[in-house]
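The structure appears below as structure tokens.
The numbers here are math on the coordinates, done by the rules we state, and not lab data. Worth saying up front: this structure is predicted, and the values here are computed from it rather than measured. Cβ coordinates were reconstructed from backbone atoms using ideal geometry, including for glycine residues, and neighbour counts include every protein chain displayed.
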Amino acid sequence: MEDSHASARTTGLGAQLLRRKPVDDIVTDSGRGEGGALRRTLGLRQLTMISVGATLGTGIFVVLGEAVPLAGPAVALAFVFAGITALLSALSYAELAGMIPVAGSSYSYAYATLGELVAWICGWCLILEYGVSVAAVAVGWGQYVNELLRLTLGVALPDALSAPPGDGGVVNLPAAVVVVLAMVALLGGAKESARVNSAMVLIKTVTLVLFCALAFAAVRDGNFSPFLPLGLGGVSAAGAKVFFSYIGFDAASTAGAEARAPQRDLPRAIMLSLGVVTVLYCLVSLAAVGAMHWTRFAGTEAALSKVLGGHAGSVLLSVGAVVAVASVVLAVLYGQTRVLFAMSRDGLVPKLFSRVNPRTGVPSANTVIVAGFIAVLAAVVPLGDLADATSIGTLFAFALVNVAVLVLRRTRPDLPRTFRAPFAPVTPILGVASCGWMMASLAAPTWIAFGGWMLVGLVVYFAYGRRHSALAHRCATQVTEDNDSPVVS
């Protein structure tokens, strides 16, 4: 720890950008904001539900139509492959979450190991991942609501009120509404919003289990033959496609400052949520290709509804999709506010974002500002390639978490670890490699959008964050005290 302080007190630009916040200070500062502190009210069940809620959403409802034509009946293997890839990073998240149980997730882990600039970049990636993905998911929610209205009432919202200007509408009203509803739930307090999220997670899980029961009853053995019509290459391509259905399992790590027993429960919640989601994905994909021949999935957006067929099946899946997407909006919006809370506490974004409401114990201004911005984004902006950039931002953050495990294993082997990633350093290295491989598979427009976002982030950091860094002020104070100390000869 002394070495970290000593290096941070160096005045050179390079040393300033690489200054690390000691782990002990990160833990001590955790949950403390302007005017109060976050409340520790969440147990293992709520933490697990936050991660399941952020993960189990639009992916499984729409991804089969894109993944099955690539892998055929072996699409379940693609989910297993993607799940193993996610597991490599989940193991690192579990180790760090138990060791550094704070609100900032991978941003805080990077601050302790790789320095302030890398931490800022990581936090900026998380803002992209959470913020833009919430807007993109909210846009999809409007489409599911329209489908449910059509099936149950025979009506639908006009395009002018259900699509942004670039897509032939005026404003996407449902997209803005679901973000505002999530904001209201979050303003009630972490424990209260966790209850709402748990109820929605239960509903969408039951929906998928019912789908499996109905689809398995209609399975035909011939639909599984040949099992690998496009070979292992097809399974690999489908795995890259469905990997993004796993994004969100890290959401529990953003709740570190509000968990009752974070060192014990955070690692368990991360691993449990990933296990639950993987099992559901594999069961749903097996049931789907067993009930409908894989060649019929091409070009199908609502693949699960097509598998069940009939009015009742379509209504069931539409209800599940509406609840699933709303749950994702709630859980991911929660994560976004907590990452900004941690960055604000460190002075890298304005202190307003870490101001805690003394009555509810939540960062109210933070929640309102973020929800308002995302609601407008979802309502009026066609997201296009920018939405795809959330994937590359997520993978970059995952890679940094794996690197952070390697660094802390070497620099702070003395820190207590309630969970240790097995087979380290092999698993973290494989985690970095798998994230790099996934990033390399993304298209050029995604890289361009990501590069533009990073440039904006660097401008913000050098214009505001570097000058207002709490760690910089702390180090400067320490330097002054050292210089004022009498010299003993």
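When the chain is described by a simple charge dipole with +1 on each Lys and Arg Cβ and -1 on each Asp and Glu Cβ, the residue from V459, A470, I100 located farthest towards its positive end is I100. Dividing the convex hull volume of the alpha carbon atoms of the chain by its residue count gives 142 Å³ per residue.
Each part reduced to its alpha carbon centroid, the stretch 229-258 and the stretch 151-224 end up 20 Å apart.
Here the Karplus relation 6.51 cos²θ - 1.76 cosθ + 1.60, evaluated at θ = phi - 60°, turns the backbone of the stretch 140-157 into coupling constants of x, 4, x, 5, 5, 4, 4, 5, 5, 4, 5, 6, 9, 10, x, 10, 8, 5 Hz, with x for every Gly and Pro. Place a label point 7 angstrom from the Cα of H473 along the Cα-to-Cβ direction, then list the residues of the stretch 329-360 whose backbone nitrogen is under 18 Å away. Counting only backbone N, you get 341-356. Measuring nothing but how far apart in sequence close Cα pairs (under 8 Å, 6+ apart) lie, relative to its length, the chain scores a relative contact order of 32 percent. Counted by neighbouring Cβ atoms within 10 Å, the residues V23, V155 run from fewest to most as V155, V23. Comparing A365, A269, L283 along the charge dipole axis of the chain, the residue lying farthest to the positive side is A269, per the Cβ-charge model.
With r defined as the distance between the Cβ atoms of V180 and R264 and R0 fixed at 45 Å, what FRET efficiency is calculated, to the nearest 0.05? Here the calculated transfer efficiency is 0.80. Charged side chains reduced to their Cβ positions (Lys and Arg at +1, Asp and Glu at -1) give the chain a dipole of some 780 debye around its Cα centre.
Roughly how tilted is helix 385-411, in degrees to the nearest 10 and between 0 and 90, from the longest Cα axis of the chain? Taking Cα atoms only, the helix is inclined about 50 degrees. Neighbours of V362, meaning other residues whose beta-carbon lies under 12 angstrom from its beta-carbon, give a summed charge of +3 when Lys and Arg score +1 and Asp and Glu score -1. Between the listed residues L442, T85, T205, the Cα displaced farthest toward the positive end of the dipole of the chain, a dipole computed from Cβ unit charges relative to the Cα centre, is found at T205. Spatially close Lys pairs in the chain, defined by Cα atoms under 27 Å apart and a spacing of eight or more places or different chains, total 6. Remark: the stretch 243-252, residue by residue, has Karplus-estimated 3J(HN,Hα) of 3, 6, 6, 9, 5, x, 4, 7, 4, 4 Hz, where x stands for each Gly or Pro and the curve is 6.51 cos²θ - 1.76 cosθ + 1.60 at θ = phi - 60°.
Cβ-Cβ distance of E192 and V376, R₀ of 25 Å, FRET efficiency by 1/(1 + (r/R0)^6): the value works out to about 0.45. The slack in the chain from L442 to D24, taken as 0.36 nm per residue of separation less the alpha-carbon distance, amounts to 146.7 nm. Multiplying the residue separation of V279 and A217 by 0.36 nm and removing their Cα-Cα distance gives an extension gain of 20.4 nm. For L149, L13, the sequence from fewest to most other C-beta atoms within 10 Å is L13, L149. Scanning residues 5 or more positions from N172 or on other chains, those with amide H under 5 Å from its amide H are A163, V380, with H placed 1.01 Å from N in the peptide plane. Residues K306, K21 in ascending order of nearby Cβ atoms (within 10 Å, fewest first): K306, K21.
Can you give the FRET efficiency for L13 and L415, using 1/(1 + (r/R0)^6), R0 = 35 Å, r = Cβ-Cβ distance, to the nearest 0.05? Efficiency computed from Cβ-Cβ geometry: 0.75.
Only helices enter the 222 nm calculation for the chain: every DSSP H run of n ≥ 4 contributes -39,500 (n - 2.57), and dividing by all residues gives -22500 deg cm²/dmol, rounded to 500.
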